[in-house]
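A short worksheet on the structure shown next.
The values are calculated or read from the model by the stated rules, or taken from the named source; none is laboratory data. All values reported here derive from a predicted model rather than from experimental measurement. We place every Cβ from the backbone using ideal geometry, glycine too, and count neighbours over all the protein chains shown. Side chains are part of the model used for accessible areas, which takes the heavy atoms of the whole protein and leaves out ligands, DNA and RNA. Shrake-Rupley method; radii C 1.70, N 1.55, O 1.52, S 1.80 Å.
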Amino acid sequence: MDNCIFCKIASKQIPSTIVYEDDELLAFKDINPAAPVHLLVIPKIHLDTLSSALPEHHVMLGKMLGLAPQLAVEHGCGPVRQADGQYTGGYKTLINTGADGGQEVYHLHMHVIGGPKLWRGQS
Ligand code: AMP
Ligand code: ZN
């Protein structure tokens, strides 16, 4: 897709800090991190929003979600269940969709956001 910044990242026309890549997906560091760990997972194909996904994209969407725990472990987010049964660490997965959903870049992406005590007091 012409003039799509994430398509250009996927095709390496513009640089990013890539943390994962396979034939379908790319994950890279958010340029304006909201937390110590802030990654974006994108499909290499252009889809403007989650709401444009068709049934044929559902396996790919599952792969995106399934990648989050691996990335979180690799970036030290846990979560870890302690001996007392409490959990420490953790992260958020987030897909902003459309204007009211806070989407700024119209190439489907999933945020993986984590780090010590982030989001405390936030929804
Ligand atoms: P959203 O509001 O869900 O569309 O989020 C778009 C995200 O893309 C924001 O968190 C931006 O900081 C991030 N972003 C925009 N341009 C780049 C870029 N060139 N490299 C990495 N992240 C980017
Ligand atoms: Zn795109």
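Some points to look at:
- Carbon + sulfur, % of accessible area of the chain - ligands and nucleic acids excluded, 1.4 Å: 53
- Taking the Cα atoms of the chain, the ratio Rg/Rh between the radius of gyration and the Kirkwood radius comes to 0.99.
- Solvent-accessible surface (1.4 Å probe) assigned to D2 amounts to roughly 140 Å².
- Taking 0.36 nm per residue of separation and subtracting the current Cα-Cα distance, fully stretching the chain between A99 and Y87 would add 0.9 nm.
- Loop-located trypsin sites (Lys or Arg not before Pro) in segment 10-74 (DSSP state other than H, G, I, E, B) with a sparse environment of at most 12 neighbouring Cβ atoms within 10 Å: K12.
- Size of charge dipole - segment 56-117 - debye, nearest 20, with Cβ of Lys, Arg +1 and Asp, Glu -1, no other charges: 200
- Solvent-accessible ranking of T97, T49, largest area first, probe 1.4 Å: T97, T49
- Helical mean residue ellipticity (222 nm; -39500 (n - 2.57) per DSSP H run of 4+; nearest 500) of the chain: -5500 deg cm²/dmol
- Projecting the Cα positions of M1, V105, S51 onto the charge dipole of the chain (unit charges on Cβ atoms of Lys, Arg, Asp and Glu, taken about the Cα centre) puts V105 furthest along the positive direction.
- Using alpha-carbon coordinates, inclination of helix 58-74 to the longest axis of the chain, degrees: 40
- Shown here for segment 34-123: GluC sites (Glu not before Pro) in loop regions (DSSP other than H, G, I, E, B) with at most 14 other Cβ atoms within 10 Å, namely E104.
- Electrostatic dipole magnitude of segment 1-111 [Cβ: Lys, Arg +1; Asp, Glu -1; Cα centre; debye, to 20]: 220
- At a Cβ-Cβ separation cutoff of 4.7 angstrom, cysteine residues of the chain with no neighbouring cysteine are C77.
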